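Heads up, the thing below is written out as structure tokens.
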Amino acid sequence: MIYGYARVSTVKQIAGNSLEEQEAILRKNDCQQIVVEQYTGKTTDRPKLNELISKLTAGDKLVVTKLDRLARTATEGNDLIQDLISRDITVTIDNMGTISSKPMDKLMVTVLLAFAEFERSMIIERTQAGKAIARTKDGYQDGRPKKYTKYQLQSALALLDEHSYTQVERMTGISKSTLIREKRQQGGTQA
């Protein structure tokens, strides 16, 4: 049986990595079953991938669009691919071809995974450097921007004196959970 594996880290991925694009490539590779997962690549414990690997048997074929969809580190990727090959499972990377146990294939996988690992490390390093610079600037606020102003929240909380949470939610568009959280932060009790 031919299995396809598609993975993204976030809901909206950059062009070339979206689930739709990966699935289209896997269908072109005649995959009979496609396993889709939204899970970070920085961890080796990906539930759907683990489940797929455990059900693969000799003679099956595993197809992924790119090597970094399967693994993010050279060690993890090499171990996984060699384990599959030793179990007589064919591993095909769409943009590379079928991987074998030949020394040249091992070298290519190792080099490409090393680049993927390096790229991820560089992204993290640049992100941390950018955050460090941003922290030095006036008005910096860590995390997502606030959806509502203090005035909007205060007005909504004042409405709770005469209305229920559900009514205030309908009037203001501010969710009940946000109202409850804001009231707690201000030392009030929830109704």
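No lab work stands behind these numbers, since they all come straight from the coordinates. Owing to the predicted nature of the structure, the values given are computational and were not obtained by experimental measurement. Neighbour counts run over all protein chains shown; Cβ positions are idealised from the backbone, glycine included.
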Subject >> Subset of segment 119-168 (residues that are more than 30 Å from ALA71 (Cα to Cα) and polar (S, T, N, Q)) >> reply: THR136, GLN141, THR149, GLN152, GLN154, SER155, SER164, THR166, GLN167
Subject >> Selection from segment 79-99 of residues that are surrounded by 12 or more Cβ atoms within 10 Å (Cβ to Cβ), assigned to a loop (DSSP other than H, G, I, E, B) and charged (D, E, K, R) >> reply: ARG87, ASP94
**OP:** Six or more apart or on different chains, Cβ under 9 Å: which pairs go from a residue in segment 140-152 that's loosely packed, with under 10 Cβ neighbours inside 10 Å to one that's among the hydrophobic types (A, V, I, L, M, F, W, C)? Could you list them?
**Re:** ASP142/ALA134
Original post:
In segment 153-178, what residues are free of Cβ contacts under 8 Å to residues at least 12 places away in the same chain, within 34 Å of the chain's Cα centre (by Cα) and outside any helix (DSSP H, G or I)?
Top reply: GLY173, SER175
